[in-house]
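The values are calculated or read from the model by the stated rules, or taken from the named source; none is laboratory data. Note that the coordinates shown come from a computational prediction; the quantities given were computed from them, not determined experimentally. Glycine gets a Cβ as well: all are built from the backbone with ideal geometry, and neighbour counts include every protein chain shown.
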Amino acid sequence: MSFISNITDYTSKEWASKYQSTAGKHDKIDPQLIRFLLEELDQNGYIILKNVLPEGTVSHIRSELLELFSDHCGRNPFEGLKTQRLYSVLNKTHCCDPLVEHPIILELLDRLFLPNYLLSQLQAINILSGESPQALHADDGFYLVPRPRQPLGAATIWAIDDFTEENGATIVIPGSHKWGNKAPTAKEKEQQIPVVMPAGSVVFFLGTLWHGGGENKSPNARLAITAQYCEPWCRQQENFSLSVPKKRVRDCSENIRRMLGYSIFGPFMGMVNGMHPKRLLEIEEDQEKLR
Ligand SMILES: O=C(O)CCC(=O)C(=O)O
């Protein structure tokens, strides 16, 4: 029994025979563009892709999301006392799905993380007029692996309204993804810049980058969608196994099902009753046919 000659032999083996992995099967993007973006990402910790979404898509998403927010704002300054957050987005609308699985984003994630990386959370964030700046943080800081290190997660923030210096554009500290465990000093905070970009654009950044929501000094709200991703062996922030019913999962694309956790990280992390989790979707489908 010596097929395991080192530790990666163990984790790279996928035993599932019926449910072959669908990782990396999305539309391919020009490799030169991806190489260029990865270099910039390595240098600054973030990249901005401008005008990715057509205007019609942006206005459809805006009107759908604005219907779904309640009047409630955040419960603490981190959530934002003048910020509306829409959680459990996948249970409420599928209008953000194309953003979650945008081919450029998946192509970048394919290069950064192991196959069958996961969606960690999806939410819409509406920063209202008068909101204060959010505390700067690094999204994968809850994985208690000492820094500096490779990111264990990455995030997108899609602008559904224009992001401006006045209306709460996300703030980033370029290069801070390379820092150690310490938080930014007052001097280092002087390097922070707002991610100014038109509606329909996206900022993609590594989980190790220091960033936060900006102060909204404008009279209008700033709407955004954030999808965050993590390595396939890390715990997701949103407990999708408990929160998204199988019926709802079946309405999602294969990419999204895989990223919700209907996939395994070799040899068998993510199993259900010793089997591939996709089997659950099939069982439910079969039961429905019998009804
Ligand atoms: O809304 C933003 O621009 C950033 C929000 C953020 O980083 C967070 O809520 O963790």
Fill in the blank from the handout: With the first residue restricted to region 179-208 and required to be closer than 26 Å to Glu166 by Cβ, and the second required to be aromatic (Phe, Trp, Tyr) and within 16 Å of the ligand (Cβ to nearest atom), Cβ contacts under 6 Å at 6 or more apart or on different chains are Pro184/Trp210; Val195/Phe163; Val196/Phe163; Met197/Phe163; Val202/Trp158; Val203/Tyr46; Phe205/Tyr46
Exercise for the section: Test Ile47 against the stated conditions and say whether it is within 16 Å of the ligand (Cβ to nearest atom), in contact (Cβ under 8 Å) with a residue 60 or more places away in the chain, more than 14 Å from Ala124 (Cβ to Cβ) and aliphatic (A, V, I, L, M). Expected result: yes
Problem - Lone unmet requirement of (1) over 30 Å from Trp233 (Cβ atoms); (2) in a loop (DSSP other than H, G, I, E, B) for Pro174 - result: (1)
Fill in the blank from the handout: Quick count over region 237-291, residues being touching a residue at least 24 places away in the same chain (Cβ under 8 Å) and β-branched (Val, Ile, Thr), is 4
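So that you can scan it fast, the table gives a plain yes or no per residue for (1) among the hydrophobic types (A, V, I, L, M, F, W, C); (2) within 26 Å of Leu99 (Cβ to Cβ):
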residue	(1), (2)
Arg222	no, yes
Cys230	yes, yes
Arg248	no, yes
Arg257	no, yes
Ile264	yes, yes
Met271	yes, no
Gly274	no, no
Leu281	yes, yes
Glu288	no, no
Completion exercise
Checked region 137-146 for anything surrounded by fewer than 19 Cβ atoms within 10 Å (Cβ to Cβ) and assigned to a helix (DSSP H, G or I); matches are Gly141, Phe142
Exercise for the section: Return yes or no: is Asp161 over 27 Å from Thr185 (Cβ atoms), in contact (Cβ under 8 Å) with a residue 24 or more places away in the chain, among the charged types (D, E, K, R) and part of a loop (DSSP other than H, G, I, E, B)? Expected result: yes
Fill in the blank from the handout: Subset of region 165-187, residues more than 16 Å from the ligand (Cβ to nearest atom) and modelled with pLDDT of 95 or more, comes to Gly175, Lys178, Trp179, Gly180, Asn181, Thr185, Ala186, Lys187
Practice task
Give Gln123, Gln134, Gln150 a once-over and let me know the one that is over 27 Å from His94 (Cβ atoms), outside any helix (DSSP H, G or I) and within 13 Å of the ligand (Cβ to nearest atom).
Solution key: Gln134
